[in-house]
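This report refers to the structure that appears directly beneath it.
The values are calculated or read from the model by the stated rules, or taken from the named source; none is laboratory data. These numbers come from a predicted model, not from an experiment. Don't worry about glycine lacking a Cβ; one is built from the backbone with ideal geometry, like all the others, and counts go over all protein chains shown.
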Amino acid sequence: MTEQTPGPLALVGSGEYLPVMAEIEGSLLAGRPPKYVQIATAAVPDGPDVVAKWHRMGREQAERLGVECVIVDVATPEDANDPRLVELIDQPGLIYLSGGHPDFLADVLRGSAVWSRILSEWRAGAALAGCSAGAMVMAQRIPSLRHPREGGTEGLGLTPHVRVIPHFDRFAARMPDVLDRFLLPNDDAITVVGIDEETALVGGPQEWTVQGRQSVWELTKQGRTQYMPGDTFTSPLRPADA
């Protein structure tokens, strides 16, 4: 029996489906089936017009990349357990969770048949990407920005020791206390990572590389460490040659 190797994981600060991100999304599909599965569940609270916009942008990106677009239209927990939707996630090259509301996305997918199929396909070699809310839900917990000490929402737990702040270049300017908002009591084992817009941290579980046009930041009480495109790390975030 051949041992399966998980595909790469991409944690993206922003920019899903934009032409500027096509190189990153194309690299995730390289050497994998030309099938691009897109799940815009995080946008559902913003209304059907917003979801339709993400579906349109996803189709346009798949067309640019010359691959099949498969939209899995999960809007409710019931949808996330619908066998017909689960079956759409069949031997993809890339599965993408786009942005919106991380709490809603986590609550819909947690423990669902769709999430189980996503994990199964990723473990079998498909690439898995999450942008903004889609990156935040990979953590064990998603802190509440409004009430940072209340414990937040349970995440999907794929990267239990890494917590992502997406749009970091914008967040950092608006929230000087951004680290305090993303750390919970007893979070000593958590690495908080700020990912700038149109930038991704790609790899896992042991080695990661910065891709895109800006930076990734490791945030600690002692300060911020900046990593540039092309920099490679071992998990959680340490230079690979350290």
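Below are the figures for this structure:
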quantity: Condition met for Ala43 (touching a residue at least 24 places away in the same chain (Cβ under 8 Å), out of contact with any Leu (no Cβ under 6 Å at 6 or more places or on another chain), farther than 27 Å from Pro205 by Cα and part of a helix (DSSP H, G or I)); calculated: yes
quantity: Filter pass, Glu16 being in a loop (DSSP other than H, G, I, E, B) and either surrounded by 17 or more Cβ atoms within 10 Å (Cβ to Cβ) or among the basic types (Lys, Arg) (or both); calculated: yes
quantity: Only one of Ala106, Ala42 that is touching an Asp or Glu at 6+ places or on another chain (Cβ under 8 Å) and buried (at least 20 other Cβ atoms within 10 Å of the Cβ); calculated: Ala106
quantity: Residue in the stretch 69-82 that is out of contact with any helix residue (DSSP H, G or I) (no Cβ under 9 Å at 6 or more places or on another chain) and either surrounded by fewer than 20 Cβ atoms within 10 Å (Cβ to Cβ) or part of a loop (DSSP other than H, G, I, E, B) (or both) present; calculated: yes
quantity: Given (1) under 15 Å from the mean Cα position of the chain (by Cα); (2) at pLDDT below 90, number of the condition Arg224 does not satisfy; calculated: (1)
